[in-house]
Structures are given as structure tokens and as C-alpha cells.
1. Name the single residue that is surrounded by the most Cβ atoms within 10 Å (Cβ to Cβ) among those in region 65-103 being hydroxyl-bearing (Ser, Thr, Tyr) and within 17 Å of Tyr54 (Cβ to Cβ).
2. Need the failing condition index for Ile58 against (1) more than 23 Å from Phe117 (Cα to Cα); (2) part of a loop (DSSP other than H, G, I, E, B); (3) not basic (Lys, Arg), just the number.
3. Testing Ser40 on (1) part of a loop (DSSP other than H, G, I, E, B); (2) touching a strand residue (DSSP E or B) at 6+ places or on another chain (Cβ under 9 Å); (3) in contact (Cβ under 8 Å) with a residue 40 or more places away in the chain, one condition comes back false. Which one is that?
4. Out of the residues in region 48-64 meeting the condition of being within 19 Å of Asp84 (Cα to Cα) and among the polar types (S, T, N, Q), tell me which one is surrounded by the fewest Cβ atoms within 10 Å (Cβ to Cβ).
Amino acid sequence: MNFDTIAAISTPMGEGAIAIVRLSGDEAVQIADRVFQSPSGKRLAEEQSHTIHYGHLIDPESNETIEEVMVSLMRAPKTFTREDVVEVNCHGGLVAVNRVLARLLKEGARLSEPGEFTKRAFFKWAYRLVAVGSSHGSYSCENRSRNEHSFGANGR
């Protein structure tokens, strides 16, 4: 499975006053930082996890304001996907939310496939479960043969 940084609109199109565009992956914070401007000038990379920040999404090429936004910053592993996640809350109109998504894609995110956020969460949860299970076996082994098998399963 490819774990590049993905983006998608996470709310129903045209249904509400607010829409959310979600980024997930190793570059989520860096991508958002390239286009987010807070009134304080502080960068998202400097902020604590699980915080919300007011500002504007900017086109870095023209310095044009794309949208007034609230950005939620959540760092791995305490997220649904166990990756860094940034959620951009913007106005819910079709034009506004599509401009936000287009800018994030232009900055390096890839449009997610349907269900990809959930696939990532499941894969990383399952991987962790297998890793924990195989390392647990090394602590409870009764003989050397079983112990060596357990360490081999854990990749050590």
C-alpha cells in the first residue's frame, strides 16, 4: 500500500455551511504550512497536536487569499489513520471547497481513492496488532526454538 500524503473532501458536497478537506500522511503538515497563513504568522509545524487555528488559505504563487479557514492539526499516532492529519474547515459552497482541495493537490497531496483513509487506518491497526502479537510471543516462550521463531516473525 502506498502511504503518500492524500487529500479529500470529507463532508457531503453542497450540504452544509461548513466543509472539511482532510489531509493525511507524512507531508500533511508541511503541505498545509505552505498555504496556511495565521494572523500571528506562526507556522503549523510549530503548533501542538490536537489544536485548531484560524487563518487564511493562500495561493503562494499569487499571494491571493483562497479562503478563510479553521485548521485542525493532529499528529500521529493519535489519529484515525495513525498518520499526521490536517483538516481544513472552510465555507461549504462548491467553489470554495473545490478551490481548497485543488490548492492542496497542487502543493503535493494526492487525491485519495474512495475509502482510502479507512484502509490506511485498518492496515496500520492490523500491522500494529501483528507486531505486538509476535513480540508478545518472545516474552512467553518456553524454549529456545519457539523464542527464535518469535523473533524471526518480528523481523529482528
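Read-outs: derived from the displayed coordinates by stated rules, not from any lab. Quantities reported herein were computed from a predicted structural model and do not represent experimental measurements. In this analysis, Cβ positions are derived from the backbone assuming ideal geometry, glycine residues included, and neighbour counts consider all displayed protein chains.
1. Ser72
2. Among (1) more than 23 Å from Phe117 (Cα to Cα); (2) part of a loop (DSSP other than H, G, I, E, B); (3) not basic (Lys, Arg), the lone unmet condition for Ile58 is (2).
3. (3)
4. Applying the filter and picking the extreme gives Gln48.
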